[in-house]
Amino acid sequence: QVQLVESGGGLVQAGGSLRLSCVASGRAFSSYAVGWFRQAPGKEREFVATISRSGGSTDYRDSVKGRFTISRDNAKNTAYLQMNSLKPEDTAVYYCAADNRYPAVAPKYMDYWGQGTQVTVSS
C-alpha cells in the first residue's frame, strides 16, 4: 500500500504560481511512476503531468507545457508540481497518483490516489 497526501493548493491570481507537493508513505515510493491529474466541477478527471520512477522522464498535457514542471525527490518520498503563469482554466482539484508503470497518464490505471488539493485561479 502507498498513501499519498497532497498539499500546496490555494487561491492565486492569474499569472501567479503555486507549488503542489505529494508526500508518499508505505511501500517504496521510488518503485512507482507518479502522475498529477486534475478535475474541474462537472468535468472528468484529466491527466496533467507524469514522471518516471527515477525522475529522468517526464510528460505533460499540451495546455500546461512550458508552464508546469513535475519533479520528484525519492529521498524525501515526495513529488512536486510547480505551476507558473496560472490561468483561470487551471482551476480544479489536483490529485497525485502512483502507478507501477510509466507513463502514468490514464486515471483508470492508477494504483493509488491522494485526496486532492484545491487550486483556484482568479481572473
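The values are calculated or read from the model by the stated rules, or taken from the named source; none is laboratory data. Please read all numbers here as calculations on a predicted model, not as lab measurements. For neighbour counting, all protein chains shown are included, and Cβ atoms are generated from backbone atoms with ideal geometry for every residue, glycine included. With ligands, DNA and RNA removed, areas are computed over all heavy atoms of the protein, side chains included. Shrake-Rupley method; radii C 1.70, N 1.55, O 1.52, S 1.80 Å.
Numbers for the structure displayed
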item: Pair list, Cβ < 9 Å and 6+ apart or interchain, from segment 1-29 residues that are under 25 Å from residue 85 (Cβ atoms) to residues that are of a type in the set (Lys, Arg); result: 8/19; 14/87; 15/87; 22/72
item: Residue check for residue 19: modelled with pLDDT of 95 or more, in a strand (DSSP E or B), within 14 Å of the chain's Cα centre (by Cα) and surrounded by fewer than 19 Cβ atoms within 10 Å (Cβ to Cβ); result: yes
item: Segment 70-104: number of residues that are over 17 Å from residue 40 (Cα atoms) and either in contact with a helix residue (DSSP H, G or I) (Cβ under 7 Å, 6 or more places away or on another chain) or in a loop (DSSP other than H, G, I, E, B) (or both); result: 10
item: Tabulated pairs, segment 82-105, first farther than 17 Å from residue 69 by Cα and open to solvent by 10 Å² or more (accessible area, probe 1.4 Å), second among the acidic types (Asp, Glu) and in a loop (DSSP other than H, G, I, E, B), C-beta under 8 angstrom, 6+ apart or interchain; result: 100/111
item: Number of positions in segment 94-108 that are of a type in the set (Phe, Trp, Tyr) and modelled with pLDDT of 95 or more; result: 2
item: Top-ranked residue in segment 29-52 [being assigned to a loop (DSSP other than H, G, I, E, B) and closer than 18 Å to residue 113 by Cβ; ranked as most open to solvent (accessible area, probe 1.4 Å)]; result: 44
item: Test: residue in segment 59-68 that is under 14 Å from the mean Cα position of the chain (by Cα), surrounded by 14 or more Cβ atoms within 10 Å (Cβ to Cβ) and closer than 16 Å to residue 2 by Cβ; result: no
